[in-house]
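The numbers here are math on the coordinates, done by the rules we state, and not lab data. Keep in mind it's a predicted model, so treat the numbers as computed, not measured. Note that each Cβ is placed from the backbone with ideal geometry, even for glycine, and that neighbours are counted across all protein chains shown.
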């Protein structure tokens, strides 16, 4: 069975779907940070050095193991040459 098949089956459950949807924003942020970092040819360590933190902090951010602060995300965005923007839609 393929990943997408399992995902489709699991998302048929309202409880699973609700939890999945609640995590979407964090996963989107994580995915974008990884994309930008890789696009710029930076390792996790190099990105960490740019914001005076440890590589393990970037690893936790990218793995989704914790909820980053807005301040931390702003530092990461800045280090990647971007500006953090938060909107409510």
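Annotations
- Going from the fewest other Cβ atoms within 10 Å to the most, the residues 6, 16 appear in the order 6, 16.
- The candidate values are [x] 13.1; [y] 14.5; [z] 18.8; the one derived from this structure for Kirkwood radius over Cα pairs in Å carries the label [y].
- Relative contact order (percent, whole number), region 3-79, Cα cutoff 8 Å, 6+ residue spacing: 24 percent
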